[in-house]
Amino acid sequence: MEFQRKETYDLADLRQIVEILRAPDGCPWDREQTHHSIRNNFIEETYEAVEAIDREDAPLLQEELGDVLFQVLFHSQLEAEAGRFTFDDVVDGIAKKMIERHPHVFGEEVASNTQEVLRNWDAIKQQTKHQKTQTEVLQSVSPALPALMRASKVQQKAQKAGFPEEPNGASAALSPEEAGRLLWQAVRAVRQAGLSAEQMLSEETDRYIARFAAWEAAQTPHGCGEKV
């Protein structure tokens, strides 16, 4: 496959580069890769982009966003070779999703503030994903997220649904320093017990969702389908 060197390249050129790397006469390493073999690469590139954002380093962010884009194209190429979907399908899908999730911009809905936008977003997301219960909403939070991020997101969604706060003995008015120290001490205690803080928090989040499911089921009587 011929490739023309240029002064500057565009998205079409990058797509061709990925195809060349994966071609029979391309790069041996790239040809050996699968979704799973480069899974952690995707995570690392994403975190490096986040680091650039935190540092407010525009040149670094430009570079890291390119690395993330390359990952997207590479995974899409693997699927194209398998005949399941292409990068164009990825673009089409996200474009349709953004149009659908913003009816106040692309439709007739009205959203005068951020709260209304988020409320509409959640309602549309729940409808399009055919989530009939709030338990399904909680279960949809990806288990692949870092455990702390997942726990926080699940808790936020549960509280938004009206789930009572569970007592934990901690002050609701923690300072940032106190909060950090509390988390640090919890990690240390778990580590000293010979356990994985990441795994333990992930498993506790699963149990939290189970408790939420029992609570939600108790709120909805069987039969007529209406709350009393």
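Some notes on this structure:
- Filter pass, Ile38 being within 25 Å of Ala144 (Cα to Cα), among the β-branched types (Val, Ile, Thr) and surrounded by 15 or more Cβ atoms within 10 Å (Cβ to Cβ): yes
- Conditions (1) surrounded by fewer than 11 Cβ atoms within 10 Å (Cβ to Cβ); (2) more than 25 Å from the chain's Cα centre (by Cα); (3) outside any helix (DSSP H, G or I); number of the one not met by Glu177: (3)
- Ile17 closer than 20 Å to Glu81 by Cβ and part of a helix (DSSP H, G or I): yes
- In this entry, Gln185 is excluded by the filter for residues that are surrounded by 12 or more Cβ atoms within 10 Å (Cβ to Cβ), more than 25 Å from the chain's Cα centre (by Cα), of a type outside the set (Gly, Ala, Ser) and outside the structural domain of His102 (by TED's automatic domain parsing).
- Ala144 fulfils the conditions (1) assigned to a loop (DSSP other than H, G, I, E, B); (2) among the small types (Gly, Ala, Ser); (3) surrounded by 11 or more Cβ atoms within 10 Å (Cβ to Cβ) except for a single criterion, (3).
- Exactly one residue out of Leu11, Leu69 is closer than 21 Å to Ala144 by Cβ and exposed (fewer than 15 other Cβ atoms within 10 Å of the Cβ): that is Leu69.
- Residue match in segment 112-128 (condition: in contact with a helix residue (DSSP H, G or I) (Cβ under 8 Å, 6 or more places away or on another chain), at negative phi and in a loop (DSSP other than H, G, I, E, B)): no
- Residue identified as more than 23 Å from Val72 (Cα to Cα), of a type in the set (A, V, I, L, M) and in contact (Cβ under 8 Å) with a residue 12 or more places away in the chain among Leu174, Leu138: Leu138
- The listed residues are Gln159, Gln131, and the only one of them that is at pLDDT below 95, polar (S, T, N, Q), surrounded by 10 or more Cβ atoms within 10 Å (Cβ to Cβ) and not in a helix (DSSP H, G or I) turns out to be Gln131.
- Tabulated pairs, segment 179-199, first over 20 Å from Ser152 (Cβ atoms), second part of a helix (DSSP H, G or I) and not hydroxyl-bearing (Ser, Thr, Tyr), C-beta under 8 angstrom, 6+ apart or interchain: Arg191/Ala197
- Checked against (1) touching a residue at least 12 places away in the same chain (Cβ under 8 Å); (2) closer than 21 Å to Asp13 by Cα, Glu79 passes all but a single condition, namely (1).
- Scope segment 20-36; condition out of contact with any Leu (no Cβ under 6 Å at 6 or more places or on another chain), hydrophobic (A, V, I, L, M, F, W, C) and assigned to a loop (DSSP other than H, G, I, E, B); matching residues: Ala23
Table: residues versus (1) surrounded by 14 or more Cβ atoms within 10 Å (Cβ to Cβ); (2) assigned by TED's automatic domain parsing to the domain that holds Glu44; (3) modelled with pLDDT of 95 or more.
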site	(1), (2), (3)
Leu65	yes, yes, yes
Gln77	yes, yes, yes
Val90	yes, no, yes
Val110	no, no, no
Ala123	no, no, no
Leu138	yes, no, yes
Pro167	no, no, no
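- Meets criteria (over 20 Å from Phe85 (Cα atoms), out of contact with any Gly (no Cβ under 8 Å at 6 or more places or on another chain) and either surrounded by 13 or more Cβ atoms within 10 Å (Cβ to Cβ) or among the basic types (Lys, Arg) (or both)) for Glu45: yes
The values are calculated or read from the model by the stated rules, or taken from the named source; none is laboratory data. Since the structure is predicted, the reported quantities are computational estimates derived from the model, not experimental observations. Please note: Cβ atoms are built from the backbone with ideal geometry, for glycine as well, and neighbour counts cover all protein chains shown.
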